[in-house]
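To keep things clear, I will list the structure first and then write my remarks on it.
The values are calculated or read from the model by the stated rules, or taken from the named source; none is laboratory data. Quantities reported herein were computed from a predicted structural model and do not represent experimental measurements. In this analysis, Cβ positions are derived from the backbone assuming ideal geometry, glycine residues included, and neighbour counts consider all displayed protein chains.
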Amino acid sequence: MALVLAGCANIHNDRTRTKVEGTAAGAAAGGILGGVIGGVVSGGSPTYIAQGAIIGAQIGGHAGYAYGTSVANKKAQYASQEAWLDACIAEAKTTTEKSRDYSRLARQIIARQQREIAAVLKNGEIRPESRARATAIRGQLDTSITNLSAAIQAWDIVLQAHRKVVQRYRKGSRVVTLGEQADELSQRQDDLRLDLDSFTALRKNLGP
């Protein structure tokens, strides 16, 4: 995201402030989510919780940025079309990387919670002695579903904005590169939707 921010140095102060505030809010939320993921994956290890929080902050920061603004919609604020397209490409690359990171974390938590759910169930029913643990797992899954849905929605905003740029301009090496990045991001979004389906299926195993 640093490349994109550097390319936006000439944005008016109020717009810069909106973007920075959105990024900071997303980073805070992402840090909390990352801590939750790190805790679940590690079984509570402080080291993994801290690492998860750092990764989550990076992911959440970009999600907040995506909600706040996409450079694909800010052509007039760049000195040239080439500079604008370069910023779009940088944004698409960063979004794809964060989407990939999020999917990697999501699959770790899915594997962990599959094991946890198997331990609290017997013949499809929650063991009486495991009800408290089942309630905690429900909460973790609900949080994961909510945050993953939000991330998909945020990154779809970036993807659709870049698709419009490619459809409008069509020609040139930068447009071709942007189209390739958009295709890769679309694939990563499909991966995240599969992850979301997995979380939803796990949640159903524990009932309402």
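Given (1) at pLDDT 90 or above; (2) surrounded by 13 or more Cβ atoms within 10 Å (Cβ to Cβ), where does L159 come up short, assuming only one miss?
(1)
Given (1) surrounded by fewer than 20 Cβ atoms within 10 Å (Cβ to Cβ); (2) farther than 21 Å from D195 by Cβ; (3) of a type in the set (A, V, I, L, M, F, W, C), identify the lone condition not met by A136.
Every listed condition holds for A136 apart from (2).
Which members of the stretch 162-185 meet the condition of being surrounded by fewer than 18 Cβ atoms within 10 Å (Cβ to Cβ) and either among the polar types (S, T, N, Q) or within 28 Å of L141 (Cβ to Cβ) (or both)?
Correct list: Q167, S173, T177.
Could you check the stretch 100-119 and list, in sequence order, the residues that are over 19 Å from A151 (Cβ atoms) and touching a Leu at 6+ places or on another chain (Cβ under 8 Å)?
Within the stretch 100-119, Q114, I117 qualify.
Looking at this structure, is S99 farther than 30 Å from A83 by Cα, part of a helix (DSSP H, G or I) and touching a Phe, Trp or Tyr at 6+ places or on another chain (Cβ under 6 Å)?
no
Among the residues in the stretch 59-72, are any closer than 30 Å to Y169 by Cβ, surrounded by fewer than 21 Cβ atoms within 10 Å (Cβ to Cβ) and at pLDDT 50 or above?
Taking every residue of the stretch 59-72 in turn, none turns out to be closer than 30 Å to Y169 by Cβ, surrounded by fewer than 21 Cβ atoms within 10 Å (Cβ to Cβ) and at pLDDT 50 or above.
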